[in-house]
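One structure is given below, encoded as structure tokens.
Read-outs throughout are calculated quantities, based only on the coordinates presented, and are distinct from any laboratory measurement. This structure is a prediction, so every number in the text was calculated from the model and none was measured. All Cβ positions, glycine included, derive from the backbone under ideal geometry; neighbour counts span all protein chains shown.
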Amino acid sequence: MSKDSEQVARLHRDGKLNCAQAMLSTYGKKFGLSEELAIKMASGFGGGMGQMGETCGAVTGAFMVLGGLVYEASNPNARSEVYSLIRDFTQRFISRNGSINCKTLLGYDFSTEEGTRIIRERKLVSTICPGLDQCAAEIVEELIAEKLPHLLNEGSCEM
């Protein structure tokens, strides 16, 4: 467990940022994204993308991080490389958590009044989500170590 993965979980658990904001603001700096811009860009992805209960914000945040680390416009294979990492990330996340869908992970649906009420009453965002945030961050770090070790050697992704 790295200090970055702990930070992602803490930022979300403390209620300062949504899951996607916590992920992108923590790791975005590794590819030159300012914290302020990362928080703005990821603001709509919490609660399963705009509290619709769809793809978990920790997952969408991780997708943005992986794209930011890998994509180079001058590389004709960049898009396929990013897509491959996204598929690998998704498989790992599902194998550990059963889904990437927010309403499945929480057991309740943010997009309904009833679901939102239960999520808030049971404090699911501060109890369940930090573990999902940390898991997503750890998978990002695994992928960097396994598939992008050159980033570690360049010092752009010290963990």
Return one number: the angle in degrees, 0 to 90 and rounded to the nearest 10, between the long axis of the Cα atoms of helix 129-147 and the longest principal axis of the Cα atoms of the chain.
20
Could you compute the net charge surrounding residue 118? Neighbours are other residues with a C-beta less than 12 Å from the C-beta of residue 118; K and R count +1, D and E count -1.
+1
Taking Cα pairs under 8 Å and at least six residues apart, what relative contact order does the chain come out at, in percent?
28
Measure of compaction for the range 13-68 (Cα Rg per 2.2 N^0.38 Å):
0.99
If amide H atoms are modeled at 1.01 Å from N in the peptide plane, then the residues at a separation of 5 or more from residue 55, or on another chain, having amide H under 5 Å from its own are 102
In a Gaussian network model of the chain with springs linking alpha carbons closer than 10 Å, the residue among 121, 81, 141 that fluctuates most is 121
Would you mind computing, in nm to one decimal, how far apart the modelled labels at residue 96 and residue 145 are, each placed 7 Å from Cα along Cα→Cβ?
1.1
How much length is gained on full extension from residue 121 to residue 3, taking 0.36 nm per residue of separation minus their Cα-Cα distance?
39.5 nm
Taking the Cβ of each residue in 12, 150 as the centre, tally the other Cβ atoms inside 10 Å and list the residues starting with the fewest.
150, 12
For the range 40-109, just say rounded, prolate or oblate: build the C-alpha gyration tensor, square-root its eigenvalues into a ≥ b ≥ c, call rounded for a/c under 1.5, and beyond that prolate if a/b exceeds b/c, oblate if not.
oblate
At R0 = 30 Å, FRET efficiency that the Cβ-Cβ distance of residue 37 and residue 152 yields, to 0.05
0.80
Placing +1 on each Lys and Arg Cβ and -1 on each Asp and Glu Cβ in the chain, then taking the dipole about the Cα centre, the residue among 2, 56, 108 whose Cα reaches farthest towards the positive end is 108
Please rank 94, 39, fewest neighbouring Cβ atoms within 10 Å first, as an exposure proxy.
94, 39
Going fewest to most other Cβ atoms within 10 Å around each Cβ, 93, 31 line up as 31, 93
Please go through the residue pairs 3/29; 103/147; 16/40; 3/103 and name each one whose alpha carbons sit more than 23 Å apart in this structure.
103/147; 3/103
